[in-house]
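Data first, discussion second: the structure below is written as structure tokens.
Read-outs throughout are calculated quantities, based only on the coordinates presented, and are distinct from any laboratory measurement. Keep in mind that what you see is a predicted model, and the values were worked out from it rather than measured. Please note: Cβ atoms are built from the backbone with ideal geometry, for glycine as well, and neighbour counts cover all protein chains shown.
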Amino acid sequence: MGHDISGFNKAGEEIAYARFSMGNYNATILYSLLDASEYYAGVSGSGGSSTFSKQQIEKALNDYKKLYNDDSKSNSEFIDYDEKQIKNFIINCLETAQKEENVRVYFG
């Protein structure tokens, strides 16, 4: 069990991935940043998916930056693993949403 969260482009290709073990509280941070708490099912995701607009992903990135005071760290080696995978997930989703207007995220 665990949280396997994937982002997909319109062609159905996986463009982002984040993995959290079932006991890792950092999973809830990504759900919260995406305003997707309804897909959190405790030890894993609910198995549902949702489409997010470019604006929703931009908001998630801005909220991430506020939460982690990210302006000075960018891709520093001092960022812990979960913090980095959350950031990379959001950035990869944003890149796709900027090209395609939205991105689909699966919460497994």
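Would you indicate which of [x] 1.13; [y] 1.51; [z] 0.99 is the value of Cα Rg over 2.2 N^0.38 Å derived from the coordinates of this structure?
Calculated Cα Rg over 2.2 N^0.38 Å: the matching label is [z].
Given a cut-off of under 8 Å on Cα pairs at least six residues apart, what relative contact order in percent is computed for the chain?
Relative contact order here is 42 percent.
Near Leu33, within a Cβ-to-Cβ distance under 13 Å, what is the net charge of the other residues, with Lys and Arg +1 and Asp and Glu -1?
Overall, the nearby charge balance is -2.
Please report, in debye to the nearest 20, how large the charge dipole of the chain is about its Cα centre when each Lys and Arg carries +1 at its beta carbon and each Asp and Glu carries -1 there.
With Lys and Arg at +1 and Asp and Glu at -1, about 100 debye.
Report the FRET efficiency, 1/(1 + (r/R0)^6), for Ile91 and Ser21, where r is their Cβ-Cβ distance and R0 is 22 Å, rounded to 0.05.
The formula returns an efficiency of 0.45 here.
Exposed loop sites here are chymotrypsin sites (Phe, Trp or Tyr not before Pro) in DSSP loop states with at most 10 other C-beta atoms within 10 Å. What is the longest stretch of the chain lacking them?
26-77
Please work out how many pairs of lysine residues in region 21-107 are eight or more positions apart (or on different chains) and have Cα atoms closer than 14 angstrom.
Counting lysine pairs in region 21-107 gives 8.
Which length gain, in nm to one decimal place, applies between Ser37 and Asp63 when the Cα-Cα distance is subtracted from 0.36 nm times their residue separation?
7.8 nm
Lys99: net charge of surrounding residues, Cβ under 10 Å, Lys/Arg +1, Asp/Glu -1, itself excluded?
-1
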